[in-house]
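Every number here is computed from the coordinates shown, using simple stated rules; none is lab data. The model shown is predicted, which means the values in this text are computed figures rather than measured ones. Methodologically, a virtual Cβ is constructed for each residue, glycine included, from the backbone with ideal geometry; neighbour enumeration extends over all protein chains shown.
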Amino acid sequence: MKTIDPINTTNPNGFKNQASAALEDTNLQTALQRAKSGFIEKRKKAIHLVDDFEHLKTQAQQAKQSALDNLNHHLALFEKNVVASGGAVHRAKTPAELNQIVLKICQQQNAKLVTKGKSMVSEETHLNAFLEKHGISTAETDLGEYIIQLAKEKPSHIIAPAVHKTRQQVAELFKHNHELGERDLEEIRALVDEARAMLRKAFLLADVGITGANLLVADTGSVAIVTNEGNGDLTATLPKTHIVTASIEKVVANMEDAGKILQVLGRSATGQAMSTYTSFFNGPRRTEDLDGPSAFHVVILDNGRSDILNSKYKDMMRCIKCGACLNHCPVYGAVGGHAYGDVYPGPMGSVLTPLMKGIEQATPLPNASTFCGRCEEVCPMSIPLPELLRQLRNDQATKGLAPKLQSMALGIYGWLARKPRLFQLTMGMFGRVVKLFKVSHILPQETPAPDAPDTFVQQWKKSKQGHSENE
């Protein structure tokens, strides 16, 4: 059995080798199969409970697109309202700028320990490693994030970071890292209880709490956080300082538009009408409040998103990071998230990573697709992911980055296609050669051992024969 080395999964250009290793990792394949069916079935049930899900999608898309069309206005209004509530807003153009802003806030608070809610932006900037380098410990409080932090890995899914781990692997991680001696961790409940006990100490001792944000509401200055564990609320309210890390496209105009997006987010992500905890935070604690932070900061990251919004790939900025495209993608379902070598895997990552890092740094990803169209079909924002992947492939060809064998084959095919008679003659000859070679070399007729079990194909053929005889 092969296992992907997490140290070697940080290079999108290594997709081919990483995918090959993933296909041979039996633990990973077991975990992916279990997770895939769960996500798909739950989403299907949640959508069927709605009279008109397409109408909800349309409303959410209009809310999101309107916010993007007036992005600068909404960001300015959001900042104005956060400041009015006693908070502060910081703009970061690059990941390095965001890390420096967060570090400065932590140092001003003399922070030694930081608790973190789930934040994909902090994954983009490698914030944990940066803070640790400067002497500030970080404790991930989302269960999945906590598991992969112990494993020293990156998330393999944007909603379920540890979806690639089996229960047995998690139990081994806990036994190795918690040093509590031998105990029974066979049941999921036992694993959750142990993680809860370990994280409780971090919640109580943390000087700063850092969370992500699902939405930034412009007309109220509110930050929306959606979780199923409540860890986001504890991270945001227990420490004396709350830092929110978000990206520019998270902003929406008002609470009404936020509600439209939340109605499709839970159903698309985890198959819930609404996530267990949907919380809105408005600045630091007031005088009359009994709890909450005394300082509130929102750090908003660009990291190339402004350029994407002004390009032919602007539709990608409608993404609400629900993960539905990952859950329904046959490529992601076969190799998992680490094979993609960066923060965002699956179809959405195959578009985002080349746009954010440069297509030269992620050449294989636009080709990591069967173009089956499932990703666009299930996307609540109706992002034309297959078309965006095609455009990226065109950009690769223009820059001479497309795989040489593929370019040569397509070139020959294109030349022949413009000569109908030669095309027909060539395809006929090619077909006869392939048939002859297939019969004589590739598929020799072997007689199976008497006790050998039928393959799936053999069983299917027998069932068809029996069916025909009955008819």
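A Förster radius of 30 Å combined with the Cβ-Cβ distance from GLU186 to LYS16 puts the calculated FRET efficiency at roughly 0.20. Checked against a 31 Å cut-off, the cross-linked pairs LYS152/LYS357; LYS42/LYS201; LYS104/LYS321; LYS116/LYS357; LYS133/LYS175 give Cα-Cα distances beyond that limit for LYS42/LYS201. When you filter the chymotrypsin sites (Phe, Trp or Tyr not before Pro) in region 331-430 for DSSP loop state and at most 16 other Cβ atoms inside 10 Å of their Cβ, you are left with PHE371. Between ALA397 and LYS201, the modelled label-to-label distance comes to 5.9 nm, taking each label 7 Å out from Cα in the direction of the beta carbon. Judged by the mean number of other Cβ atoms found within 10 Å, the most tightly packed of the peptides 261-272, 69-80, 50-61 leads the ranking 261-272, 69-80, 50-61. Distance between the 7 Å Cα→Cβ label points at LYS435 and ASP51: 5.8 nm. For the chain, the residue among LEU32, CYS325, ASN310 whose Cα projects farthest onto the positive side of the dipole built from Cβ charges is ASN310. With a Förster radius of 22 Å, plug the Cβ-Cβ distance of VAL83 and GLU256 into 1/(1 + (r/R0)^6) and report the FRET value to the nearest 0.05. With R0 = 22 Å, the Cβ-Cβ based efficiency is 0.45.
Can you pull a Stokes-Einstein diffusion coefficient for region 50-306 at 25 °C (0.890 mPa s), Rh from Kirkwood over Cα pairs, as a whole number of µm²/s? Let's see the in-between values first.
Working: Rh = 19.0 Å.
The estimated diffusion coefficient comes to 129 µm²/s.
Tilt of helix 385-398 relative to the longest C-alpha principal axis of the chain, in degrees (0 to 90, nearest 10)? Once rounded, the angle reads 70 degrees. Within the chain, the cysteines lacking any other cysteine Cβ closer than 4.7 Å to their own Cβ are CYS106, CYS319, CYS322, CYS329, CYS372, CYS379. The modelled label-to-label distance between ALA273 and SER382, using points 7 Å beyond Cα along the C-beta direction, is 2.5 nm.
Electrostatic tally near LEU75: other residues with Cβ closer than 15 Å to its Cβ, Lys and Arg +1, Asp and Glu -1, net 0. Across region 216-230, coupling constants 3J(HN,Hα) worked out from phi with the 6.51/-1.76/1.60 Karplus curve, θ = phi - 60°, read 10, 9, 5, 7, 10, x, 8, 10, 9, 10, 10, 9, 10, 10, x Hz, and Gly and Pro carry x. Dipole orientation for region 50-306: of the candidates THR278, ASN110, ALA76, ASN110 has the Cα lying most toward the positive pole (charges on Cβ; Lys, Arg +1; Asp, Glu -1).
In the chain, what percentage of the DSSP-assigned beta bridges are antiparallel, given to the nearest 5? Beta bridges within the chain, antiparallel portion: roughly 25 percent. Counting neighbouring beta carbons within 10 Å and listing from fewest to most, the residues ILE359, ILE148, ILE210 come out as ILE359, ILE148, ILE210.
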